[in-house]
């Protein structure tokens, strides 16, 4: 049984702590991703994103500030444009090696998709590719399901616009390599 | 520079127009003759209005030409400064390209620089160093993973061309394992369209 401690952001499976997808990526390929960003700005950005994520999950703008509300409206418009029909939100997925919380499973233009919502100024496709591929892999193993038809990022930058960006999937061999690399790093710590 | 240009003579022009208008007595239109007279008056006033407007256009043209001359005085040093800053920027770009080349050599990346360099790396605000190192790390990582995907040299070649393992794998599979035709297609050796045509023909013969 998987458990998630929100205050420490820790996943535990049958008493064993599992690294999160962001922990694995932050320890391996994306070590310096936010090294030059002011922690205060990071925290503000996270708060902003959390609010928008929550609104998307409950499909209601209650409690949003003006800018978050504007972004949420852009999201709704994007849903109409691409016929985005969410099926599940904020679902925890895990394997014996890692865990994470995927943002959204949805029918997009009538195909089964896995999507992640980003409110960042720049879009890091490489990071998204790893992140979504890891979620997908865990989801497939957990529910014995085939691949999603497509992986997407629902990009809602604060300043303007909203975009649906298709993300390239990593190969299983790449994911195996990443998990092995992470184990090596942890063992050498 | 507010209100340094003043127009003179407008009052005179206004007076002149007012004088001409004072001689005008607007005709009451009651019959054919007065109708024709009113039309004639309208034509005269049109002519007067046209003359005033013609004067405005002449003035505007003259003013534009004179002001353009003044602006040109300012544009000359602007152009000169652009040339000088442009030359300096070119020098900075040349220097930056040399720095990029040096780091590229140092990182020993097995892919031509032209294949990985982004045009924006030459912009002063761009953190090209981080970007180049990220690309180098990705290629190094990919080459470490590559043998676990395929040991076919053609796959490696494709990777070097496309610089993405997943994209290269898709392209490799497409070349080596073309999509299989389903049983019906194999049996009839026909495409969906051809198969439908045959069905339609059979139907048109009244056969099931």
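The values are calculated or read from the model by the stated rules, or taken from the named source; none is laboratory data. None of these values were measured; they are calculated from a predicted model. Ideal geometry is used to build each Cβ from the backbone, glycine not excepted, and the neighbour counts take in all protein chains shown.
On the basis of being within 14 Å of another protein chain (Cβ to nearest Cβ), under 16 Å from residue A:30 (Cα atoms) and modelled with pLDDT of 95 or more, does residue A:151 make the cut? Judged against the criteria, residue A:151 is not a match. Give segment B:173-183 a look and list any residue that's part of a helix (DSSP H, G or I) and either modelled with pLDDT of 95 or more or more than 12 Å from chain A (Cβ to nearest Cβ) (or both), or say none. Result: B:174, B:175, B:176, B:183. Here is the figure for segment A:60-87: residues that are at positive phi and either modelled with pLDDT under 90 or in contact with a helix residue (DSSP H, G or I) (Cβ under 8 Å, 6 or more places away or on another chain) (or both) total 1.
When we screen A:123, A:78 for residues that are assigned to a helix (DSSP H, G or I) and either away from every other protein chain (no Cβ under 14 Å) or within 26 Å of residue B:149 (Cβ to Cβ) (or both), the only hit is A:78.
Would you confirm, using the coordinates I've provided, whether residue A:57 is surrounded by fewer than 16 Cβ atoms within 10 Å (Cβ to Cβ), in contact with a helix residue (DSSP H, G or I) (Cβ under 7 Å, 6 or more places away or on another chain) and touching a residue at least 24 places away in the same chain (Cβ under 8 Å)? For residue A:57, the condition - surrounded by fewer than 16 Cβ atoms within 10 Å (Cβ to Cβ), in contact with a helix residue (DSSP H, G or I) (Cβ under 7 Å, 6 or more places away or on another chain) and touching a residue at least 24 places away in the same chain (Cβ under 8 Å) - is not met. For segment A:158-182, filtered to residues that are touching a residue at least 40 places away in the same chain (Cβ under 8 Å) and either exposed (fewer than 13 other Cβ atoms within 10 Å of the Cβ) or more than 14 Å from every other protein chain (Cβ to nearest Cβ) (or both), the residue that is farthest from residue A:73 (Cα to Cα) is A:165.
Residue A:31 satisfies every condition listed in (1) within 28 Å of residue B:137 (Cα to Cα); (2) surrounded by 11 or more Cβ atoms within 10 Å (Cβ to Cβ); (3) away from every other protein chain (no Cβ under 14 Å) except (3). The single condition from (1) within 14 Å of chain B (Cβ to nearest Cβ); (2) on the phi > 0 side of the Ramachandran plot that residue A:110 fails is (1). Quick check on residue B:107: is it touching a residue at least 24 places away in the same chain (Cβ under 8 Å), surrounded by 11 or more Cβ atoms within 10 Å (Cβ to Cβ) and over 30 Å from residue B:136 (Cα atoms)? No, not satisfied. Of the residues contained in segment B:93-104, one or more are found to be closer than 19 Å to residue B:163 by Cα, modelled with pLDDT of 95 or more and either outside any helix (DSSP H, G or I) or in contact with a helix residue (DSSP H, G or I) (Cβ under 6 Å, 6 or more places away or on another chain) (or both). Test residue B:48 against the criterion of being over 37 Å from the mean Cα position of the chain (by Cα) and within 14 Å of another protein chain (Cβ to nearest Cβ), and give yes or no. Answer is no for this residue. Please go through segment B:144-159 and give me each residue that is surrounded by fewer than 16 Cβ atoms within 10 Å (Cβ to Cβ) and under 38 Å from the mean Cα position of the chain (by Cα), ordered by number. Matches in segment B:144-159: B:157 only. Looking only at segment B:105-152, which residues are away from every other protein chain (no Cβ under 12 Å) and within 13 Å of residue B:164 (Cα to Cα)? Matches in segment B:105-152: B:111, B:115, B:116, B:136, B:139. Among the residues making up segment B:153-166, those that are at the interface with chain A (Cβ under 9 Å from one of its Cβ atoms) and in a helix (DSSP H, G or I) are B:165, B:166.
In the set (1) within 12 Å of another protein chain (Cβ to nearest Cβ); (2) part of a helix (DSSP H, G or I), residue A:138 fails one condition alone, (1).
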